[in-house]
Structures are given as C-alpha cells and as structure tokens.
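Step one of this worksheet: look at the structure below.
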2 protein chains.
Amino acid sequence: MAGGGGGGFLAISVVSLLNYVIAKPSAGTDIVLDEKALTTHRIDSLNILLYTFLLILTVVTIWIFKYRRARYLHETGLAVIYGLIVGAILRYSGDNTSLSHMRVVAATGEGYKENVPPDTLWFKYAYANSSQNRTYAYTFKGEIPETLETEIVQKATFDPEIFFNILLPPIIFSAGYSLKRKHFFKNLGAIFTFAFLGTTISTFVVGGIVHGFLYLVGSSMTFIDSLLFGALISATDPVTILAIFSDLHVDVNLYALVFGESVLNDAVAIVLTSAIESYGGTSGGFETSAFFLAIVNFLWIFSMSFIIGSVMGCLTAILTKFTRLKDFPLLEAALFVLMSYSTFLMAEAADLTGIVAVLFCGICQAHYTYNNLSTESRINTKAIFELLNFLSENFIFSYIGVSMFTFAHHKWDVSFICIAFIAIIIGRFMNIYPLSFLLNIGRQPKIPVNFMNMLFFSGLRGAIAFGLAIRSTNSDARKSILTTTSLIVIVTVILCGGLTTQVLSWLGIPVDVNDDETHHLNQFQPIRNGPGAEEGGETATDSNKFEKAWLLRIWSQFDVRYMKPFLTNSRPTLLDTTPLCCAPLARLLTTTEQLTQGHNPLNDDMLDDTLIGFGGVRTSIDSSRQNVTKPVYDGDLGLGSAGSVATRVSVAGSRGQDL
Amino acid sequence: MAGGGGGGFLAISVVSLLNYVIAKPSAGTDIVLDEKALTTHRIDSLNILLYTFLLILTVVTIWIFKYRRARYLHETGLAVIYGLIVGAILRYSGDNTSLSHMRVVAATGEGYKENVPPDTLWFKYAYANSSQNRTYAYTFKGEIPETLETEIVQKATFDPEIFFNILLPPIIFSAGYSLKRKHFFKNLGAIFTFAFLGTTISTFVVGGIVHGFLYLVGSSMTFIDSLLFGALISATDPVTILAIFSDLHVDVNLYALVFGESVLNDAVAIVLTSAIESYGGTSGGFETSAFFLAIVNFLWIFSMSFIIGSVMGCLTAILTKFTRLKDFPLLEAALFVLMSYSTFLMAEAADLTGIVAVLFCGICQAHYTYNNLSTESRINTKAIFELLNFLSENFIFSYIGVSMFTFAHHKWDVSFICIAFIAIIIGRFMNIYPLSFLLNIGRQPKIPVNFMNMLFFSGLRGAIAFGLAIRSTNSDARKSILTTTSLIVIVTVILCGGLTTQVLSWLGIPVDVNDDETHHLNQFQPIRNGPGAEEGGETATDSNKFEKAWLLRIWSQFDVRYMKPFLTNSRPTLLDTTPLCCAPLARLLTTTEQLTQGHNPLNDDMLDDTLIGFGGVRTSIDSSRQNVTKPVYDGDLGLGSAGSVATRVSVAGSRGQDL
C-alpha cells in the first residue's frame, strides 16, 4: 500500500531528524540557557510537525481509499494505525538520551509546611566549572515515571489540558451546530432514554462486572475505581460510525438515534465520572447519603451546564440581531467563534461540564443565531467548524495511537483488560436491548430489531473516553484504566469501524435513503426486510402526536411564538405574537430588518432539515460524490424545506408539527 | 463609552471569578493531587476565558466604532488598551495567593555533574500529617522571578512558545496568501531595498545610538545586546496601518510599498536577530571573522527558509493537481492547511526561520495551488485564514497589553526607554529618506515626498518585535529590552495607529482610489498635490520595462512557460510550451482536466489582482460598506482582471507584462 510505505518512510525521517536535533552539540558555557531554550523550541516544533505529518498522511491515504471506493477503513482508524506505527518507532528507535534529573531534598531551615507538595521548587544550582551560582525555578509535574523518559517521548506526550481545552470543544460544538434537529427532536424520548438511563445502566453493569471479577482475582482496585471506569468507558463515540452513515445515506431515524445517543451519552458519562470522582473523594466505600449527594451533584452539573450553554447561545443571537455586525462578516464570524468558545471555558471554570454547555450552545446557535448571520458568515462558520472538527478528531486519534507507546504512565493489567472487553459488551447489551423493548411498548413507530442490533454494534469508544482516562494517572488503578481504555478505543475504532459497512448490509438496514421519503413514508420501516415491517406508512402521522410529549409540545409552541421572534430576524415578529398590551416592548425588541423583510424562507431556520458543511453533510467528504460541481452556497441552504417552514411559521397550526 | 464601561465591568467580574476559584477550599487530604490538577484546569480555563472576553469586547467595540464611522482607534489599539486595563486589574486586585515554593538542595550522593541545570528535579516529599513519602518530578522553568508571582498572574503570562508556534504562523501566511502580487512585484526593487538595506541600516543606527548613549550613562549593556535591540525593534508591523489603508482605498503603490516593506522586514529582522544572537554566543565583543560568519549565517538562513517555503508550496500544488482531492473539499482544505503549517514547523525545526518559510509558502500557495482548488476550498481557505489572522492578531495585542502588568521579568530602565524612542525615530529616518532618494535616482515613477513621509510614519512596531523580545529574558539587559519593546509597541500602535487617517489627509495622499485607475494612469502621481506631480501618465508604460530587472523578467518568463503549466491546471499546458522532444514527459505532467478545460479565465491565477477575504479585501471589515449584499463568492473571483490574464497567457507576448 502506497500510503503505508510512505508513512513508514516519513515517520522514520521525522524520527531521525529528531535524533539529529537533540544530539546537536551546544556552544559555549555562558549562553547555555539560551541554547537550552532553543533546543526546547526545536523539539516542540518537531513534535507538532510529527503530528502534522501524521495528519497529512492520513488525509492523503483517505483520499486514496475514497478514490478507490474502499470502505474497509475509516479515517479515524487510519489515524490510529499511523499513530501506533510512529509511536512504536519513537519508542524503540535508537535515541536513548533520557531527560537528566537530579535528586533533591529540602534545604535546611526551609519553613514550608503545607500538606500539598509545593507549586515550585527553588533550586540553587552550582555550575560545575565556574564559581557561578544561580537559583532556578522548577514547576510541579507529577509523580516520577517508572521508566526513564527520553526527551522526544516526553514531548510527544502532551498535556491533557490541551486535549480538553483546545481539541474537544470544536468537535462537540460542531456536533451541536450540525445536528439534524428535526429528526433529533422527533426521537428525543428514545435518545434521552438511551443516553441517561442507558449510560447509567452501562456504568453500573461495567463497574459491577469489573469489580466483581477483580475482587475474585484479588486485585486492589476499589469499587469507586471500577465504577469510574464504567462511567468513562460508557461514552460512545459518534465520529466513525456517523461518517459512514452519512456516507451511505442510512435511514435518518437510525442516524438520529445513533447520533443523539452518542453525543448525549458523552455528556452524561463526563458528568457521571466527575460525580463519581467527587463521591470517591468523600469516602472510599459506599454510603447512602453520599450516593444521593452524587445524584444531586449530577443533576446540578448537568442542568447548570445546559443553562450556561443555552444562555450563551441566545446571547449571541441577541448580539447578532440587535447590532448590525452583519455588515462586517469578519467581525461577525469572530464574535460567533469567540462566544461559542467562551461558553465552554465558562462552564469549565465554574466546575461544570464544558462539553454539555458547548453542545447546547451549538444547538442554540444553529437554531437562532444562524438566522441572523450574513450569507458569508453562514458559509464561513460552517466551513471553519467542519475543518476544525476534522483536524481535531484525526489529531486525537493519531495521538491515541502514538501515546499507546510513548505515554509514561501505562500499566498493562491483562486480566483487567480481558474482563473490561467482556464487561463493555455486556454493558452495551444491557443498555440497548432492554431499553429498546421498553421503549417499544409505548412508542408507535417501533424500533425494529435490526436497528437495535446496529445500535448495539455502534458502541465504539473514542475521544471522550480516552480524554477522561488520561486526565488523571495518579494511582496504579488509574494507570490501568488509561491503558485499558486506550486499547478498547483502538480495537473498537479499527474493528467495528472497519466492519460497519458489512454489518449494515448483514442487518438489512436500508442505505441510500432520501431524507424526506424516509421521514414521511417509511419511518422506521426497513425497506428490504425486518421484523418492524408491519408498522408502516399509515401510522406515521399519528406517531408525531404521540412522540411529542406535552412538555415538548409546550416548548415548541413557546419557541415559535416568543423565542424565535425575539432572538432572530425571522417572521413572525413579536408584534404579531404577543398580546396588544405588550406592544411597546414588542416594538422595542423587533428590528427594522425583521419588519421590512418579506417572508423569505431562506431566513427561516434553514438548518432544520439540512446539514452543515463543506458540500452539505456533516462528515461530508463523500457528499460531493453526488454534487462535485455544485458549490457549497447552493447545496445547503435547505431550499427543499420551504414547505415545512411554511407550516412552522403559521403559528396556530404549528402545534409541534415541526419543532 | 459603552465599550469601555462594559470592558471594565467584564474584566472585574472575570477577576473576581478567578479569585473565587483559587480561594475555593479543597476537600480531604488523600485526593489532594487530583484537587490540584482540577484547580490548575480551572485556572487554565479562566485564563483563556479572560483573553476570549477581551477579544469579544474588542470585536463589539470595533463594531461600534465602525458603525459610527469613528476612525481614531484601530482594533489593535483597542485590544492593547483593553489588555492594559485587565492587566492592571489582575496585578493590583485583591488576590495575594502567591505560588508556594520550597528551597531545595541536591541530595547527598547525587551524581549529576553536567554543566547545565538538570531537566527535572526528583523531590521526595514527606507529607506533614501522614507517614507517606512520595517522589514528585519538577520540570525546569527558568530563573526565579524577582517578585513573588501570584497564580493568576503567572497563568495569564503564557509560554512564548505558544506565541511563536501557534499565533504567528497564520498571520504571516495570511500576509503571503493575500499579497497583491502584481503591485508587489512591480515595486519589488524598492521593497527589497527598504527591507534588506533599510532594516540593516536601522538595526545598526538604533544599536549604535543606544549603545553610545548607554555607554556614556555607564550602563552595563553590551554592544551585542544593543545591536540585538536594534534588530528586533526594526521589525515594523503592517497590521494596523494596512487595515486603515485598505479601509480608505489608499493608492495601491503606497499600499504595496508599506506592505512589502513591513512583511519582508519582519523576516529580515528575525534572521538578523538570530544571526546577532549566535554571533554574540561566540564572543562578547566584535571580531571581523565572526562578523562575516554572521553575514554568511544570515544569507544561509534566509535562502534556506525561502527554499523550504517555496518547495512546500509547490509540493502542495503538485499534490492538488495530480490527485482528485478536489472532489473532497474538506480533505483538500485540510491538506492545504496542514501543508502550510508544516512548512513553518519544518523551518523552525531545522533552525531556520519559519516566518520567512511560511511567507513564501503563502505566496506560492496563492500563485499556484489556488488554481487547483475547488470553488468551496477557495472560499473556505480564504475565510479560515482571514479569521485566524484576525483572532491571532488581536489576541497578540491583548496579550501585549496584559503582559505589561503581569509578566514577571519586566525591568524598567528609564534612560534606556527614552533613548530607545529617539533612536527608533532616527533609525526609521535613516532608513526611509536616504534610500528613497537613492531609489529615485534610478527609478522612473519616483517616490514622491509625501509617500516618503507616510512610509516614515508607518513604522509601527508590533507582534514580531514583541515576540522576539519575549523569547529570552535570561539577563537584565534582555529584560530591559522586553520592557522597552512592549512600551514602544503600545505607544506606536495607539498613537500612530490613531493618527494615520489624519496624517494621510495632512500629507495629501489620495484616498478612495480605484486600483486599475491608479495603476495605469496615475501611477505614483498624487491626485491632490505633491512634488511628484511632474512624473505622470506618459512614463507609466516605460516604467514597467525599467522596473523589471532582467532576473525578474527571466523568472517571469520561466514561470509562465514551465512553472504554471507544471504546477497548476491552467492553460497553456506543458505540451504547448515545451519543445517537441520533451512531449512524453510533458504529457505525463499534464492532467486530463488541464487538457479538457476550455480557456477559463477563472482558473487563471485569479489572485493576481484581487485580495483574499471575507468580502474581498484582506482586512476587509469595511469592504462590505460597498457591497453589503454581495456574497463573497461573487466579490473576489477577480473577474475584472480577465484582460490582464489574457495578456499573460499568450506566452510570447507575456514578457514580464504581468508576472
């Protein structure tokens, strides 16, 4: 394979360059510190270069695969494999220059008496060949690694902070921004059930099995550690599966279920993990009061994060509506990006969950702010988040591959690894099947068995699970958790990712389905075969009424009547929807633009039915197969949904028909 | 001012949030390390949040200014001012929690004997209230600061590595990618003279004056340090001035001169700085051999960086030409970004200058690769680099403001600051006027005196000067240099930036000039008045012949005949331009697309005469004043330059008419 060969060659040249750089002799003795800084800079550059090369390689190889219509390996799988190769080369290459270290003890008369290791050490260093004495500061890094780290390996393993603060937010925001909201909300009941109840079930099942087994084996892992593993490994990853789904135009409802579940369960898993961690902080064992405290904690974190995200989204909508930022597309796009990113940071700084906040912020931005943006900004924000999403994702998967070999805190515990694989399969099983059967009792367009099988199979693990695991490696148990999680991610991404196309056809899941067609006629009805065939077209209209619980219906009405008129430049205005007594206020909140514009379907929530992206589909690399020459500004303005828009805008008739 | 008030309020709330977060009580004693990591994460998030808020504030305030047509303060000036305010609040706010530190000494029997302080310290920490002993690693940070740092202040001052590796590349690449190449190459002689000769003159004049004065005063600063200051302060910043220029539609030749000079002189200043640094490394004084070595070093770094940049640009062109990556716009855009970024990293890793490499890479990408991209990618790459450029720039200027108060290594040396201000004015004078008069001897469309005055006035200092200064603060001299540089940047950006519009009208420089009109008819002839009025329209055609030196003419011919047919999908193909004997090779290097396409002016080097961006102009925030409703994909495809394209494509007649 051309890509593979090139990869090996590139990797080797990067590594030899690294060795060369580090081995470079240093000059005189006085500017030794400048030299040191220069070397650090050189290694930093090389380190980023390494990942950049890995990504270039991945991009080119994906292209070759796509060109040849080979679907047996997805880009994330490729990124992991290239990462593993380069990681192995880095680890076992000739370089043996390990970081120099020196054992130190507290100076006599030192008055530091706190119960935490100090933030910095001040170390008076006596230069060997001169009488110079200088005091240098050293900052806290963590427990010393068991094996000696070489400089490259240490550098190739970067700070989990970067991972969480820089790489994850665009991925999650992108997910929210490109959400197919109509289908998402139609399946909201099922998605919430899987995400909240299912993830909790999975957490306890996995945690219980792992703990039970390790207890029998006589491992030292506490119940809290097992539960923590259960929680973080329950975060499934949408990336790989969904790329293939949109590539193959799989049934939209299946898409919505898989997407909704995996995005929301990331959030649930993160919150569960932090709840369990803080629960573990208060006691090592199990106490009822602490347990309820953890539940309250969970609800608090989730709801507050949700609120921050939504409020920031609405704030952006207000800012873009009531200023004429639209006249300056660059400023507008900058504000959009900055507001969205600050949502993530605010939630993290307030000890909540940035992921949840940024997800809902993305949904609000798509639902409200998008309406107020200029045409340029609509195209550009889409393109930017698409690209950021693509790069971040593949970077993370490369990194997971590389770190498998270079990270210093791995701990291989074979029995734990084996039981973990068994546990996650059982956990996934206990999540999907019982809940699906339960849902099918009340749900009119039932979830057919082949969809259940596909949902079960879609339980790939990815970035979030890895990110949660690498966050803390202070104890042996945490180190084993990291190693096992990395391994599970790599195996599921390569194996399940590679088999998805096969499995889809084995299960007889309809592909190449037109969205609207599926939606109106064949909802949940497999085209080829499948046990759900009896519930067909005639129930589709009833189902709408059933699916929308009263809460959702009320919200939908409130949204159309007040939120959209208030937050966007679309019709109807607040003047039309509020009672006469509020007219002065309503006038104040209605812009001239909103009043003067004719009814332009383009301005109405055009994202509802369409996807965002380079060429129209979220992971749209392949969408251009259909419309290579069709430019982006034509393809995704959702002109096709004008009919549904009309329904929505006539307030009286909008009773939840299209949220 | 609404923005100012809001700014103060926001800043104060962020700071109080910071204090709250840090003051948060910690839980039990066992999970103290997890707690510590959590606090670090919280502070990291808050720190980024701080800058995000600053940027949001800047964006909103700029909008208000633009909306009210107020031109007395540019966005970079605003960013600096907001940064200063927040920096002052951070510094003098109630928070006094300084970082804890502990003095340590080498353990007995420690065998470390190298002449550099060790990379890590291994410190066995005995917990106060338990019998636990754990060994922690501490990494090298640098010399201890003179004042105690608080945690917020330390965090708000981030690593110069991030500055150089993450923030600068997009700015410089953007400059190259959006270069108005036609006007740039027409004025190449003058630009090179100012950039190479002028920057060198400025370096030595500033260095000499500063050193002479400080020697009289009795300061300890060495000649090398003075020269270093001279070099780094000679890097002028294009951002602020050019934003105003394109806003006002200033004469394109003046634009080209200012732009070309400031972009290239950044590169020259960087290479000069590193040459002087390495020269200083070999000896403290002045030696002839070392001096020549420094010159060779300079030439080597500059030419190798240039080669790396161009080669990587051409490589991207080849990759996009010979693969059908075009069918997958997302992959294409990702590859484009990755290749460009890796250019920077490669040069840095090889101890060359990434800035020079990425600048020329940007020029090549615009000249060749842009032709091969899909329509989506053309729009998207422009939008992405525009936005990155905008965000990076304003972030840097905010940071310069904040760091004025928070950076621990400032050293205020009043006499140095005063003489530095005088020296840079003299240095700029010695650069612009003598060289302009010299150039005017040979040059046909002479540089009028008001243009010289404007060039003199355009000597703002910015990101590069600051970046070079903050890179090393190991000695007292370097600390004074940093402080003085920061101050010069702040003063010039706010003062000169604010006065630009005024000065333009005082000098009678034509504004609101149509590009082509200026170019063909009024080249270098001021519309209102000015001493250059006698050289007018009739010499414009001769000037072309004169301006293009033979080397440039040969290159231009080679480019049209071989480089463009080889690297892009445009006509003519290599089959048309190479002799018959090379036909098989030429056929191999010609794609089907290239052969089958009709002569489409859209595919020909459409960047030549047009700018890249949100709405069509580089810093195009204001361009939409003219074409608010005109979408980006219409505005900047350069349809207007079809005529000049036709000239260029007929090879025989293209003798340097339009490069």
Handout entry: Nitroxide proxy distance, nm - points 7 Å out along Cα→Cβ at B:Ala107 and B:Ser220
Key = 3.6
Problem - Whole-percent pair-distance distribution, where bins are 5 Å wide, for the alpha carbons of region A:259-357 - result: 3, 13, 18, 17, 15, 12, 9, 6, 4, 3, 2, 1
Problem - Pair A:Val491, B:Val311: separation of 7 Å Cα→Cβ label points (nm) - result: 4.4
Practice task
Taking a label point 7 Å out from Cα toward Cβ, give me the nm distances from A:Phe437 to the same spot in the other copies, shortest first, one decimal.
Solution key: 9.7
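Would you mind checking the pairs A:Lys446/A:Lys564; B:Lys180/B:Lys382; A:Lys182/A:Lys326 and listing those with alpha carbons more than 22 angstrom apart? Let's see the in-between values first.
Numbers: A:Lys446/A:Lys564 32 Å; B:Lys180/B:Lys382 14 Å; A:Lys182/A:Lys326 27 Å.
Checking Cα-Cα distances, A:Lys446/A:Lys564; A:Lys182/A:Lys326 exceed 22 Å.
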Problem - A:Thr139 paired with B:Leu595, simple spin-label distance in nm, labels 7 Å along Cα-to-beta-carbon - result: 5.9
Exercise for the section: Report the FRET efficiency, 1/(1 + (r/R0)^6), for B:Phe192 and B:Tyr562, where r is their Cβ-Cβ distance and R0 is 25 Å, rounded to 0.05. Expected result: 0.55
Problem - Computed accessible area, A:Leu197, all protein chains, 1.4 angstrom probe, square angstrom - result: 90
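Which FRET efficiency value, to the nearest 0.05, is calculated for B:Arg587 and A:Ile554 with the Förster distance at 60 angstrom and r the Cβ-Cβ distance?
Working: r = 69 Å, r/R0 = 1.15.
Efficiency, rounded to the nearest 0.05: 0.30.
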Exercise for the section: Report ³J(HN,Hα) in whole Hz for each residue of region A:489-500, in order, from the Karplus equation J = 6.51 cos²θ - 1.76 cosθ + 1.60 where θ = phi - 60°; Gly and Pro get x. Expected result: 4, 4, 5, 5, 5, 6, 6, 5, x, x, 8, 3
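Starting from the Cα coordinates of region B:350-472, work out the convex hull volume and express it per residue in Å³. Mind dumping the intermediate values first?
Working: hull volume 24.6 nm³, N = 123.
In region B:350-472, the Cα hull volume divided by residue count equals 200 Å³.
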Exercise for the section: List the distances, in nm to one decimal, from the label point of B:Arg324 to the label points of the same position in every other copy, shortest first, placing each label point 7 Å from Cα along the Cα-to-Cβ direction. Expected result: 4.8
Practice task
Could you list which residues have their amide H under 5 Å from that of A:Arg103, counting only those 5 or more apart in sequence or on another chain, with H placed in the peptide plane?
Solution key: B:Ala107, B:Trp122
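Ordering B:Leu50, A:Leu585 from largest to smallest accessible area (1.4 angstrom probe), what's the sequence? Let's see the in-between values first.
Working: B:Leu50 10, A:Leu585 110 Å².
Result, largest first: A:Leu585, B:Leu50.
With a 1.4 Å probe and all protein chains in place, put B:Glu393, B:Glu161, A:Glu277 in order of accessible area, largest first.
Working: B:Glu393 10, B:Glu161 35, A:Glu277 70 Å².
Sorted descending by solvent-accessible area, the residues read A:Glu277, B:Glu161, B:Glu393.
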Completion exercise
With one decimal in nm and the nearest listed first, the spacings from B:Leu499 to its own position in the other copies, using label points 7 Å along Cα-to-Cβ, are 7.4
Exercise for the section: Provide B:Thr52, A:Thr592 ordered by accessible surface of protein heavy atoms (probe 1.4 Å), highest first. Expected result: A:Thr592, B:Thr52
Fill in the blank from the handout: Rounded to the nearest Å, the spacing of the alpha-carbon centers of region B:326-365 and region A:421-469 is 43
Practice task
Kindly compute the accessible surface that chains B and A hide from a 1.4 Å probe when together, both sides summed, and give it to the nearest 100 Å².
Solution key: 12000
Completion exercise
Correct semi-axes for region B:283-417, from √(5λ) of the alpha-carbon gyration tensor and rounded to whole Å with the largest first, are 36, 24, 10
Completion exercise
1/(1 + (r/R0)^6) with r = Cβ-Cβ of B:Thr577 and B:Trp300, R0 = 25 Å, i.e. FRET efficiency to nearest 0.05, evaluates to 0.15
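The values are calculated or read from the model by the stated rules, or taken from the named source; none is laboratory data. Because the structure is predicted, anything quoted here is derived from the model rather than measured. Quick reminder, even Gly has a Cβ in these numbers, built from the backbone with ideal geometry, and neighbours come from all protein chains shown. Remember, those area values only see protein heavy atoms, side chains included, never the ligands or the DNA or RNA. Shrake-Rupley method; radii C 1.70, N 1.55, O 1.52, S 1.80 Å.
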